[in-house]
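Only one structure is covered here, and it is reproduced in the block below.
The values are calculated or read from the model by the stated rules, or taken from the named source; none is laboratory data. Predicted model, so just to flag it, every value in this text is computed and none were measured. Note that we place each Cβ from the backbone using ideal geometry, even for glycine, and neighbour counts take in every protein chain shown. Heads up: the accessible areas ignore ligands, DNA and RNA and are worked out on the full protein's heavy atoms, side chains in. Shrake-Rupley method; radii C 1.70, N 1.55, O 1.52, S 1.80 Å.
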Amino acid sequence: MLLHMISALDTLEKLIPAEESGEYAIKKREWEALKKACWAEYRARERTLDAGLGY
């Protein structure tokens, strides 16, 4: 599920104009922060699974 969210955020970033100010810039920063949080959660879950399997 997290990978789907990251992929969707990547798609949104590509579809929105690359304006550096205004509403689009705010949304892009929000999406980037959300994407970083998703990646952090994904890695944490992966480490937990690896630790549980003895890797």
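Quick one: pull the percent of accessible area on the chain belonging to carbon and sulfur, 1.4 Å probe, ligands and nucleic acids left out. It would help to have the intermediate numbers written out before the result.
Working: 2670 of 4500 Å².
Result for the chain: 59 percent of the exposed heavy-atom area is carbon or sulfur.
Just need the relative contact order of the chain here, percent rounded to a whole number, with Cα pairs under 8 Å and 6+ apart.
Numbers: 21 pairs, mean separation 24.8, N = 55.
Over the chain, the number comes to 45 percent.
Pairwise Cα distances in the range 6-55 exceed 18 Å in 45 percent of cases.
Helix 2-15 and the longest principal axis of the Cα set of the chain meet at an angle near 20°. Considering only Trp39, Ile16, Leu53, the residue lying farthest towards the positive end of the dipole of the chain is Leu53, judged by Cα position with unit charges set on Cβ.
Using a Förster distance of 35 angstrom, determine the FRET efficiency expected from the C-beta separation of Arg45 and Ile16, and round it to 0.05. Write down the numbers at each step before the final one.
On the way: r = 29 Å, r/R0 = 0.82.
Result of the calculation: an efficiency of 0.75.
Against the chain, whose longest principal axis comes from its Cα atoms, helix 23-53 is set at around 10 degrees.
Dipole magnitude of the chain about its Cα centre, charges +1 at Lys/Arg Cβ and -1 at Asp/Glu Cβ only, in debye to the nearest 20? All intermediate terms of the calculation are to be shown ahead of the outcome.
On the way: 9 positive and 10 negative charges, 37 e Å.
In total the dipole reaches around 180 debye.
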